[in-house]
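Quick notes on the structure that follows.
Derivation of every value follows stated rules applied to the coordinates shown; laboratory data play no part. All of these numbers come straight from a predicted model, not from anything done at the bench.
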Amino acid sequence: MGVFVYLPLVLPLTALPIARLAEQHLHPRRAARLLTTVAVILASCSLLCLGLLVVVGTAQLPGNPLPDGWSDDEVREAVPHDAFAGKASILALVVVTGACGSIVHRHFRFRARAHRALRGLGGADGIAVLPDATPYAYALPGSPGKVMVSTGMLASLEPAEHRALFAHERAHLAGRHHRLLLATRLAGCVNPLLWPLVGALVYSTERWADEEAARVTGDRRLTARAVGKAALVARPVPGGAVFAAFATAGPVPRRVAALLGPVPPDRGWPPALTPAGAAALVAAAGATVSALSSLNAAVALFLVLKAATPL
């Protein structure tokens, strides 16, 4: 296994430059997909290597739950790495499992509660207006998904700006942004070094929805005004939702400035000698090296255990 089992645990350090370059220089739709893909790959490799270290740790414990042949003294001596790394990984895996389970539980619990609350509330075109003076708006995924908006938020915006708000939230539902956000948050729980990607993804999904709203309304200034005004009055989504909310996530001044500028170019793989190209290359390189390292470590441990296990 050697150093390869540890590489996927530290390679997510590349997440910070990837996050900065992607959110600043890539089209928000491409940035969101790139960040999510990189986060899932790096987290999966980290989880695999953590699992390999758990095998190392449990093999070194008397009465371990592994197959009987792996409990022999010969196997225990052949297993690489010292006892500390293997045993520490057991605790780390328990913490990771608990954190991921908590995020998934809160995510679906809020969705279930929100949909139950909407059963007696009518709504046209997938829009549910809640009689609440607190200004907020967010997209509630489901079958079907709904746009949740309070009367307080509608009262804070002009009628023309309502169209931008609804288009923004519908873009979150159409783009399945809740899945991207959930996957990246889970990746951050698996390896805390990936947390910079979470903030970058939140910003990118908001920018993605902003651009869709500007396209639907045909007025970038109107959309920018709606985002800015909503940000001044918006309050956190009730119930601790982990979904994207209108004008409350991401640096709003940057979003407004982007809407007041030209439409961002939506091209394929960017040139290598550009910041956007550098982001894509760093992401591809980090994910590739992480995948190869984790595969190398898995094969090495398998061969060691196979050779040491008595017939």
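Quick notes on this structure:
- Given in Å, the Rg to one decimal and the Dmax to the nearest whole number for the Cα atoms of the range 105-158 are 11.4, 37.
- Length gained when the stretch LEU16-ASP132 is fully extended (0.36 nm per residue, less Cα-Cα span): 37.9 nm
- Using 0.36 nm per residue and subtracting the Cα-Cα separation, the extra length available between PHE302 and GLN24 on full extension is 95.8 nm.
- Two-decimal Rg/Rh across the range 182-223, once Rg and the Kirkwood Rh are taken from alpha-carbon atoms: 1.23
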